[in-house]
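**Student:** One structure is given below, represented as structure tokens, and several questions about it will come after.
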Amino acid sequence: MSVQIPFDNTYARLPERFFSRTDPTPVRAPRLIRLNTELARHLGIDPDALTTDEAAEIFAGNRIPTGAEPIATAYAGHQFGSWVPQLGDGRAILLGEVVDRCGVRRDVQLKGSGRTPFSRMGDGRAALGPVLREYVVSEAMAALGIPTTRALAAVTTGEPVMREQVLPGAILTRVAASHIRVGTFEFFANRGDTEAVRLLADHVIARHYPAAGDAERPYRALLDAVIRAQAELIARWMLVGFIHGVMNTDNMSIAGETIDYGPCAFMVEYDPATTFSSIDRWGRYAYGSQPGIGQWNLARLAECMLPLLDDDTDAAIEEATDALGAYASHYERAYHAGLRRKLGLGTDREGDAELAQDLLNAMHDNRTDLTLTFRRLSDAAAGPEHDEPVRSLFMEPEAYDRWAERWRRRLEQEPTAPAERRDAMRGVNPAYVPRNHRVEAMIRAAVDRDDFAPFEELLAVLSRPFDDRPEFARYAEPPDPHERVLETFCGT
Ligand code: AMP
Ligand code: MG
């Protein structure tokens, strides 16, 4: 075989109860949709040494590359608040780990690669639509600078999958700092397997939070670090209007990356109560609930870690409570710093949070598009003669005028020049996000017409979210009424 993937596996060295050694199930007619050549190079894989057929075989699981040690990992989780003692990789298989060009260890995982001992009633497969959605949205998040798993490859399998209808099957190759979840800790803690919880914590410290290993109390430092990473991640989501959709504890990465893109969506009109997911009937994972849910999930993690925090249960609970108490301030700090940047405020002054909140309230009252409002506000930062494009987004434009007057007074206290401020704002307020109607149209073209041109174009647009490109101007526009996406589906 011509291609080498420089595997260097560590999770597979953990005790056997952490996973099950399972090979992918070969598929009938693998076809490569896309290989992320830039990411491949970053992982030390030479894409030029890989023929299209060879790539299709490898990323379909038909050929196991040298050095891979395929495993399905064990985890549990709270799904919509309900405890499920065993979930695990029911349709994903970890091929192994590689150390990337920045020295960061990354998992390479096939998703949709066939049944495993954790499949329960499922077929172990994935449909093309959700694979393309995860590919596009995860790559868009990466381009926005938000911690996320990445997409290395997508293939179709040549086999149908049975969902509510018959759909083409596909497999996504996903790259992550790791696939260790809050639910991985829960799996062992629930079984009273403190030794495994400790081994897992040690593995996570070595892999993701080495500074915690040097701390006086490493496990407390680990918990603090995960809490901070999650708080900062969710703040980043909120600032771009990302709605994860299924923030179950098994979908929450210990490394602080966005993971498990299911019925995720980007908010259109600003409204904290927004949900899209068809399976989120009660709005548990609504946009505005995400920060609170993050804390709830971290409380589940802290419970798992109690035996590591102190031998005395009361003292351990005190430690955990103390650690969780920092979540809100980490979140608020990250969120408000982000909002200040979105408003062009380089300095931190009293009243800034209120100013930002008043804009959000006016946006909510006036049903303005989140992405477009901040993008156009960036141009308005150059001077009031550029106000019209943003003010016309408001049903009552005077609501914008009243707010903008206060904003301009505040901007006068900034040392930066207007043009410089505008450019800085354009660097944090994206022109392009994966708008739901574009994602749906891309999926329809691929699934119904075997047309992958919209997929390629969407990836091209979203790879540079902060650069206006006139040829792609339509991708910055909100949906027409008939294009609106009201609901997104898991598709599992
Ligand atoms: P998800 O909602 O995709 O995060 O998945 C929740 C759980 O269901 C995980 O344990 C998955 O491995 C499992 N699962 C989802 N879809 C399938 C499938 N088609 N076959 C087997 N297991 C699945
Ligand atoms: Mg999941």
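A short reminder: the numbers here are calculations on the coordinates, not readings from a lab. Because the structure is a prediction, the values reported are computed rather than measured. Because the Cβ atoms are built from the backbone with ideal geometry, glycine has one as well, and the counts that use them run over all protein chains shown.
**Student:** Using only the Cα atoms of the stretch 154-241, what do you get for the radius of gyration and for Dmax, in Å?
**Tutor:** Considering the stretch 154-241 through its Cα atoms, Rg and Dmax are 18.5, 56 Å.
**Student:** Of all DSSP beta bridges in the chain, what percent run antiparallel (nearest 5)? Kindly include the intermediate steps, with their values, before the conclusion.
**Tutor:** On the way: 40 of 42 bridges.
For the chain, the DSSP antiparallel bridge percentage is about 95.
**Student:** Determine the gain in length on full extension of the stretch residue 361-residue 281; use 0.36 nm per residue of separation and subtract their C-alpha separation, reporting nm with one decimal. Present the calculation step by step, with values, prior to reporting the outcome.
**Tutor:** On the way: separation 80, 0.36 × 80 = 28.80 nm, distance 2.50 nm.
Result for the pair: 26.3 nm of gain on full extension.
**Student:** Follow-up. Rounded to the nearest Å, what's the spacing between the alpha carbon centres of the stretch 296-359 and the stretch 369-400? Just the number, please.
**Tutor:** 31
**Student:** Here is a follow-up. Please report, in whole Å³, the volume per residue of the convex hull around the C-alpha atoms of the stretch 312-421. Don't jump to the answer; show the numbers that get you there.
**Tutor:** Values: hull volume 13.3 nm³, N = 110.
In the stretch 312-421, the Cα convex hull volume per residue is 121 Å³.
**Student:** What number does the stretch 182-334 give for Rg over Rh if you use C-alpha atoms and the Kirkwood radius? Spell out each step's value before the answer.
**Tutor:** Details: Rg = 15.8 Å, Rh = 16.0 Å.
Here the Rg-to-Rh quotient is 0.99.
**Student:** Here's something else I'd like to know. On a full-extension model of 0.36 nm per residue, what is the gain between residue 326 and residue 388, subtracting their alpha-carbon distance, rounded to one decimal in nm? Before the final figure, lay out each step's value.
**Tutor:** Details: separation 62, 0.36 × 62 = 22.32 nm, distance 4.15 nm.
Value of the extension gain: 18.2 nm.
**Student:** What are the residues whose amide H is under 5 Å from the amide H of residue 181, where those residues sit 5 or more places off or on another chain and H is modelled from the backbone?
**Tutor:** Hits under the 5 Å cutoff: 254.
**Student:** Which residues does a label at residue 17 reach in the stretch 63-96, if reach means a backbone N under 15 Å from a point 7 Å past the Cα toward the Cβ?
**Tutor:** In the stretch 63-96, the label zone of residue 17 (backbone N under 15 Å from the point 7 Å along Cα→Cβ) covers 74-76, 86.
**Student:** Let me ask you something else. Could you give the length gained by full extension between residue 159 and residue 54, i.e. 0.36 nm per residue of separation minus their alpha carbon distance, to one decimal place? Walk me through the numbers on the way to the answer.
**Tutor:** On the way: separation 105, 0.36 × 105 = 37.80 nm, distance 1.85 nm.
Here the segment from residue 159 to residue 54 would lengthen by 35.9 nm.
**Student:** Can you list the HN-Hα couplings for the stretch 183-196, worked out from phi with the Karplus curve (6.51, -1.76, 1.60; θ = phi - 60°), rounded to whole Hz and with x for Gly and Pro?
**Tutor:** x, 5, 5, 5, 4, 7, 4, 5, 8, x, 8, 5, 4, 5
**Student:** Which FRET efficiency, nearest 0.05, do residue 28 and residue 486 yield, Cβ-Cβ r, R0 41 Å?
**Tutor:** Numbers: r = 35 Å, r/R0 = 0.86.
Step by step, r from the Cβ atoms, then E = 0.70.
**Student:** Rounded, prolate or oblate: which fits the stretch 11-176 when a ≥ b ≥ c are the square roots of the eigenvalues of the alpha-carbon gyration tensor, with rounded for a/c under 1.5 and prolate only if a/b beats b/c? List each step's numbers first, then the result.
**Tutor:** Values: a/c = 1.34, a/b = 1.15, b/c = 1.16.
Rounded, since a/c falls under 1.5.
**Student:** For the stretch 397-441, what number results from the quotient of the Cα radius of gyration and 2.2 N^0.38 Å? Let's see the in-between values first.
**Tutor:** Numbers: Rg = 15.3 Å, N = 45, 2.2 N^0.38 = 9.3 Å.
Cα-based Rg divided by the globular estimate yields 1.64.
**Student:** Same structure again: Per DSSP helix of 4 or more residues, -39500 (n - 2.57); summed, then divided by the residues of the chain. What does that give at 222 nm, rounded to the nearest 500?
**Tutor:** Working: 17 runs with 208 residues, N = 492.
Taken over the chain, the calculation gives -13000 deg cm²/dmol.
**Student:** For the stretch 65-104, what relative contact order do you get, as a whole percent, if you take Cα pairs closer than 8 Å and at least 6 residues apart?
**Tutor:** Numbers: 42 pairs, mean separation 17.0, N = 40.
Taking the mean separation of contacting Cα pairs over the length of the stretch 65-104, I get 43 percent.
**Student:** Need one number: convex hull volume per residue for the chain, Cα atoms only, in Å³.
**Tutor:** Hull volume over Cα atoms, normalised by residue count, gives 153 Å³.
**Student:** In whole percent, what relative contact order does the stretch 182-334 give with Cα contacts below 8 Å and a gap of six or more residues?
**Tutor:** Working: 203 pairs, mean separation 45.8, N = 153.
Value for the stretch 182-334: 30 percent.
**Student:** While we're looking at this one, here's another question. Once label points are set 7 Å from the Cα along Cα→Cβ at both residue 419 and residue 311, what is their separation, rounded to one decimal in nm?
**Tutor:** It is 6.9 nm.
**Student:** I've got another one for you. Say each of residue 80 and residue 448 gets a label point 7 Å from the Cα, pointing the same way as Cα to Cβ; how far apart are those two points in nm?
**Tutor:** 2.9
**Student:** Can you give me the Cα centroid spacing of the stretch 108-172 and the stretch 15-63 in angstrom?
**Tutor:** Taking the Cα centre of the stretch 15-63 as reference, the centre of the stretch 108-172 is 13 Å away.
**Student:** If exposed means no more than 12 neighbouring beta carbons inside 10 Å and the site is in a DSSP loop, what's the longest run of the chain without any exposed GluC sites (Glu not before Pro)? Don't skip to the end; give the middle numbers.
**Tutor:** Values: sites that count: 164, 216, 350, 412.
Between exposed loop sites, the widest span is 1-163.
**Student:** Output the relative contact order of the chain, whole-number percent, from Cα pairs under 8 angstrom with separation of 6+ residues.
**Tutor:** Numbers: 947 pairs, mean separation 70.3, N = 492.
Rounded, it is 14 percent for the chain.
**Student:** Still on this model: Count charges around residue 78 for me, please; just the other residues with Cβ under 13 Å from its Cβ, Lys/Arg as +1, Asp/Glu as -1.
**Tutor:** Working: positive: 181, 284, 300; negative: 186, 250, 303.
Once all neighbours under 13 Å are counted, the net charge is 0.
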